[in-house]
Amino acid sequence: MALKSILVHVADDESHCARLNLGLKLARAHGAHLRALFLTQPANMPAAAAGRAASHSFIQDLRARAAQKAAALQVWFAERCEAEGLTHDWIVEDGQHLDRLSHHAHVADLLIASQSPARTLEDYVSLSIGESIALAVGCPTICLPHAWPPDDQSFAERILIAWRGDREAVRAVRGAMPLLRTAQSVSVITIEKPGEDAQPEDVAAYLARHGV
């Protein structure tokens with residue numbers, strides 16, 4: 001599979017610049033179309049605002065602020081894409097993040113999302129957008145750590161494959177093939193139960209046939 005359509009999750013959060021910069025880097029490297037989906041609905045409600053958060057006017061204020069940020073980001077995004085000769089789309093929607101991301105990711109080769117920083121006990125024990133979307137859509141998903149530097153250009157130079165010989169591992173390796181081919185090094189790690197053979201040598205041979 002080639003990367004020809006990349007979808008980036010954009011919202012009024014601290015990590016949107018890191019996701020957009022990574023999307024630009026990968027679109028440039030793979031000659032891909034870049035689509036940014038800005039969602040104005042708050043992705044995570046601050047714990048301290050729980051009381052006010054029930055207020056309709058408070059939610060509307062957050063959405064209005066997000067819409068203003070979307071308008072400013074759209075100009076920056078278009079200028080960057082056009083300067084690098086990339087085809088691009090900028091979409092602004094209001095709705096549940098998982099629902100709208102799932103809808104658009106069905107026609108993308110790759111989705112870029114972010115890990116949500118855990119602030120409360122509920123955050124630690126529940127799935128965030130990054131982890132949930134990876135289970136909800138059919139395309140490969142990159143989930144950036146929430147502390148990922150916005151201008152980091154060293155993405156996917158050294159890749160570790162956690163192989164266990166099941167459907168999920170097979171789909172992950174095949175979905176990541178465009179990135180595996182361009183990595184400086186790729187390692188395969190297996191943890192076998194007694195009597196099992198995870199066949200890491202066969203995985204390495206398979207990858208080599210694909211130019212990894």
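The values are calculated or read from the model by the stated rules, or taken from the named source; none is laboratory data. Only a predicted model underlies this, so the values are computations on that prediction, with no experimental measurement involved. In this analysis, Cβ positions are derived from the backbone assuming ideal geometry, glycine residues included, and neighbour counts consider all displayed protein chains. For accessibility, only protein heavy atoms count, side chains too; no ligands or nucleic acids. Shrake-Rupley method; radii C 1.70, N 1.55, O 1.52, S 1.80 Å.
Of note:
- Sorting 155-165, 200-210, 24-34 by their mean Cβ neighbour count within 10 Å, with the most densely packed peptide first, gives 24-34, 155-165, 200-210.
- Ranked by the mean number of other Cβ atoms within 10 Å of their residues, highest first, the peptides 188-199, 68-79 come out as 68-79, 188-199.
- For His146, the amide hydrogen comes within under 5 Å of the amide hydrogens of Gln115, counting only partners 5 or more places away or on other chains and with H modelled in the peptide plane.
- Heavy atoms of Ser154 accessible to a 1.4 Å probe, total area in Å² rounded to 10: 60
- Taken along the Cα-to-beta-carbon direction at a fixed 7 Å, the label points for Glu196 and Glu79 span 5.2 nm.
- Taking 28 Å as the straight-line reach from the Cα of Lys4, the lysines in range (excluding those fewer than 8 positions away in the same chain) are Lys25, Lys69.
- The distance from the alpha carbon centre of the stretch 1-39 to that of the stretch 152-212 is 23 Å, rounded to a whole number.
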